[in-house]
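We did not get these values from a lab; they are worked out from the coordinates using the rules stated. A quick note: this is a predicted structure, and the numbers were derived from the prediction, not measured. Cβ sites come from the backbone with ideal geometry, for glycine too, and all protein chains shown count toward neighbours.
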Amino acid sequence: MRGRDLSRAWNTLLQPERFDDPGINGLQVEGDRDIRRLLFGVSACEELFTFASTNDFDGIVVHHGLFWKDGPFLPVGMMGKRLRILLEGSLSLWAYHLPLDAHREVGNNYPALRDWGAEEVAPFGDWKGASIGACGAFLTEREPLPFGQMLSDYFNHPTIHLEGEGMVKRVGIVSGGGASFIQEAYQMGLDALITGEAEERSIYEARELGIHIYAMGHHATERMGVRLLGDWTTKNHAIECTFWDAPNPV
């Protein structure tokens, strides 16, 4: 399959035009290979690119791309080294950022809530007019500490639990850097906010608003979307898709 045809398929699925995204979504570097094998990962980095180049992949798909609207764009230093690996290997690179957080089928947030057995799953996490997360409710209340352990097992990452008040029943999730959505969580009457990273002020907001915050790792909470997009691509376009997890504790 040609890379531009694959771009059209993904753009139709993910609708990146809906989002005011700091990332540049879609095809970021165009190689000249037909696409037979794709490598999926969370973030653009030399380690991921080298693995793709030395293992005969034709392209790479990531959540965090090389190019963002605030730069850098000059192919020097670290950026130049990364680009050389792609260009010398004739590898294409795609990135999908907020569209992959938000998608109900192949996103980072909706599928997680469904895996946990949440009901009434709905949009959450307003970012400039578009929801990038999801919220839902469990049929029964859950103890905060065992719930945190369940999250740790699910994401394969240690839990930072900033304790609020009471039991956990109604929860919201925004993968990555979503701690600022605690105010929206409060307005919606949620008991807990699950995200990747907490901020310094988050402990005070959790205590004062009475909402539990579970910070599960930026990288760890954003593995889901790229893996599911790979599954979708294999199913719909018969392309071999492999997820490779470059280690990242953050």
Coil-residue trypsin sites (Lys or Arg not before Pro) of the range 144-250, DSSP, other Cβ within 10 Å capped at 12: Arg201
Theoretical gain in end-to-end length, Arg36 to His237 [0.36 nm per residue, Cα-Cα removed]: 71.4 nm
Report the residue, chosen from Gly177, Gly196, Gly133, that carries the largest GNM mean-square fluctuation when the chain is represented by alpha-carbon nodes joined by springs under 10 Å. Gly177
Cα-based equivalent ellipsoid of the chain: semi-axis lengths in Å, sorted from largest, via gyration tensor: 34, 18, 16
If we restrict to alpha carbons, what Rg and Dmax does the range 138-250 come to, in Å? 15.7, 51
FRET efficiency, Arg207 to Glu17 (Cβ-Cβ, R0 35 Å, nearest 0.05): 0.30
Rounded to whole angstrom, the alpha-carbon centroid of the range 65-99 lies from that of the range 154-168 at a distance of 35 Å
In terms of Cα to Cα distance under 28 Å, which lysines are near enough to Lys81, apart from those fewer than 8 places away along the same chain? Lys69
Cα-based reach from Lys128 at 16 Å (exclusive), listing aspartates and glutamates while leaving out same-chain residues under 8 positions away: Glu17, Asp20, Asp21, Asp101, Glu184
Roughly how far apart, in whole Å, are the Cα centres of the range 20-36 and the range 181-250? 23 Å
Using 0.36 nm per residue of separation minus the Cα-Cα distance, give me the extension gain between Lys81 and Trp68 in nm, one decimal. 3.0 nm
Considering only DSSP beta bridges with both partners in the chain, what is the antiparallel share in %, to the nearest 5? 45 percent
